[in-house]
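Q: Please read through the structure below; I'll follow up with questions.
Derivation of every value follows stated rules applied to the coordinates shown; laboratory data play no part. Since this is a predicted model, take the numbers as computed values, not measurements. Note: ideal-geometry Cβ built from the backbone for every residue, glycine included; neighbour counts use all protein chains shown.
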Amino acid sequence: MTDQAQFQLQAVDGIPVLAISGEIDIANIDQFKSFASDAARDDSERIIVSLEKVTYLDSHTLEALVDLGKRLRTNRRRLLVVAPKSTPAGRILRTTGLELAIALFETVDDALQSTPEP
């Protein structure tokens with residue numbers, strides 16, 4: 001594993017989007033959690049984590065996503081994860097059944113257009 005993750009936090013239509021590329025593993029999971037916490041500080045009812053360009057993720061990443069989703073739900077907010085089915089992240093998330101706990105989308109635009117839960 002040589003392509004360590006790069007993290008970029010931006011707002012799209014007022015919604016925080018954490019875009020990640022490269023590999024997320026135990027070596028940089030704390031950095032991922034820090035960026036996710038920064039995104040969660042925003043008052044938006046939705047936060048998007050884009051894994052479109054992630055080439056590898058491990059169980060630490062899955063745990064961090066579930067924890068972030070739980071934390072947001074306690075405040076009536078939603079975590080939306082972009083992980084196209086054809087990507088490594090998309091295949092892993094769907095194989096593990098994470099889409100049962102967190103909303104998965106093919107594109108950031110799809111996530112932006114999703115209807116907030118009541």
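Q: Tabulate in residue order the Karplus-calculated ³J(HN,Hα) for the range 80-91, using 6.51 cos²θ - 1.76 cosθ + 1.60 with θ = phi - 60°, rounded to whole Hz; enter x for Gly and Pro.
A: Residue by residue, the range 80-91 yields 10, 10, 9, 8, x, 4, 7, 9, x, 5, x, 5 Hz.
Q: Okay, next question. Mind listing the phi-derived Karplus ³J(HN,Hα) values for the range 14-19, rounded to whole Hz, using 6.51, -1.76 and 1.60 with θ = phi - 60°, and x for any glycine or proline?
A: Per-residue couplings from phi come out as x, 10, x, 10, 9, 9 Hz.
Q: May I ask you to derive the FRET efficiency for residue 110 and residue 42 from their Cβ-Cβ distance with R0 = 25 Å, giving the value to the nearest 0.05?
A: So the FRET efficiency works out to roughly 0.80.
Q: Which of the aspartates and glutamates could be linked to residue 85 by a straight reach, that is with a Cα gap under 16 Å, when you skip same-chain ones fewer than 8 residues away?
A: Partners found: 52, 99, 106, 109, 110.
Q: Tell me which lysines have Cα within less than 19 Å of residue 33's Cα, excluding those fewer than 8 residues away on the same chain?
A: Hits, sequence-local ones excluded: 53, 70.
Q: Same structure again: Alpha carbon centre of the range 1-22 versus the range 44-71: separation in Å?
A: Here the two parts' Cα centres lie 11 Å apart.
Q: Using the Cα centre as the reference, give the magnitude of the dipole from point charges on the C-beta atoms of the chain (Lys, Arg: +1; Asp, Glu: -1; all else neutral), rounded to the nearest 20 debye.
A: Charge dipole of the chain: 340 debye, to the nearest 20.
Q: Computed from the coordinates I sent, P(r) over Cα pairs in 10 Å bins from 0, in percent equals one of (1) 14, 53, 30, 2, 0; (2) 12, 34, 28, 17, 8, 1; (3) 10, 24, 16, 11, 9, 8, 7, 5, 4, 3, 2, 1, 0. Tell me the label.
A: Checking each listed value against the structure points to (1).
Q: Give, as ranges by residue number, the residues of the range 89-116 whose backbone N falls under 12 Å from the point 7 Å along Cα→Cβ of residue 13.
A: 108-116
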